[in-house]
Structures are given as C-alpha cells and as structure tokens.
1. Considering Cα pairs under 8 angstrom that are at least six residues apart, work out the relative contact order of region 44-186 and quote it in whole percent.
2. Sorting check: for 67-73, 177-183, which peptide has the highest mean count of neighbouring beta carbons within 10 Å, and how do the rest follow?
3. Restricting the calculation to Cα positions, tell me the Rg (one decimal) and the Dmax (whole number) of region 45-160 in Å.
4. Give me the distance between the Cα centres of region 68-90 and region 133-170, rounded to whole Å.
5. Please work out whether region 80-124 counts as rounded, prolate or oblate from its C-alpha gyration tensor, where a ≥ b ≥ c are the square roots of the eigenvalues and a/c under 1.5 means rounded, while otherwise a/b larger than b/c means prolate and anything else oblate?
6. Starting from the Cα of residue 74, step 7 Å along the direction of its Cβ; do the same at residue 54; then give the gap between the two resulting points in nm.
7. Say R0 is 25 Å: what FRET efficiency, to the nearest 0.05, do residue 117 and residue 138 get from their beta-carbon distance?
8. Over region 100-168, one equal point on each Cα, no solvent: what is log10 I(q)/I(0) by the Debye formula at q = 0.11, 0.12, 0.21 Å⁻¹?
C-alpha cells in the first residue's frame, strides 16, 4: 500500500481502520522481537520454536527491505549528522545565534538517541536468538527439536556491508563518529 502524502502532517487519505491495522501489525511485530521469559515446561519449547520462526521471518523481511545501499546510507547519514552537529557545537557555540545553536543541540540529541537506543534495539534479535538457541540446545526434549536446533542460525539484521547488528554495534558506531569528530577538530 503506497499512500499519497503531500507533507509530513498528511495521512495520505488513509482511513482510520487502515491506520489501526497497521498499528496492530507493528505492535505484534515488536512483541515478537522483544525477549520472552519461559513460564512453564509443559510445551517443551514448541511455542518458542514458533516465535523463533516468526523472528527469523521478520529479520528476513527487514534485511530485504533495508538492503544495499539503504542501510549503509542511513547509518552513514546518522554518523555524519552526529559528527557535524557536535563539531558545530564545539567550535562555534559562541559565534552562532541562539536559535541555530538550539537546532544543533536538537540534532545532536536526536543522533545520540538514534545511535544508543535504536541501533541497540536492532541488535536485540541477534542476542535474543543466540540465547534462545543455547537454551534449546541445553534442554532435554524430543529428538526432532534437537536436530532442528542444530540447523538454526542466529537471527542477524545486516548493516548492508556484510556485518550485522549485535550488542556492541551502537558503541562501535558512536566510536566511529567520535573518531571523525576528533579528526575534524585536529584539522
């Protein structure tokens, strides 16, 4: 479904029910991505296998949607905006008007939130799937589950250049932005 949006405030002439169904779909997708605690041993992980399969499908859809070059461009754009905004704040805070200074503070805060919150959330499927695979391998269960778990690989959201999001990705991206900032300050 492609909507014809004229500006950022326009809803593209979508109906209320369409927006509700999209919201429910997004809510369900993020419920699957967040980690779940096991409540009973009665189902021997069969429900967890189903949820793991949904997680791998969502990961595949995300990897196909954000393939080369869109994900590297998004990450590079966030790094560039973060570096430039911090550079302006450090070097020109006393020379620019207060309204422009406030704009660069907002850009810097947005970039910090994107790097440390959003990129960290994109690493959750990998860590959750690794923990789940190790948990299922250590359990005593049916033989078909053990054979199935041997064939499972961790769910990886790719960054478009052969690497993927994990626990330390947000720190690595932050460090790269700081390195670029230091290079600019030393020039």
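1. 36
2. Numbers: 67-73: 13.4, 177-183: 15.0.
Result, highest mean Cβ count within 10 Å first: 177-183, 67-73.
3. 20.8, 70
4. The distance from the Cα centre of region 68-90 to that of region 133-170 comes to 31 Å.
5. Values: a/c = 4.65, a/b = 2.74, b/c = 1.70.
Judged from the Cα gyration tensor, region 80-124 comes out prolate (a/c at least 1.5, a/b above b/c).
6. Inter-label distance under the simple model: 2.2 nm.
7. Numbers: r = 31 Å, r/R0 = 1.26.
The pair residue 117/residue 138 has a calculated efficiency of 0.20.
8. Calculated log10 I(q)/I(0) at the listed q: -0.44, -0.49, -0.88.
Every number here is computed from the coordinates shown, using simple stated rules; none is lab data. Quick caveat, the model's predicted, so the values are computed rather than measured. Cβ coordinates were reconstructed from backbone atoms using ideal geometry, including for glycine residues, and neighbour counts include every protein chain displayed.
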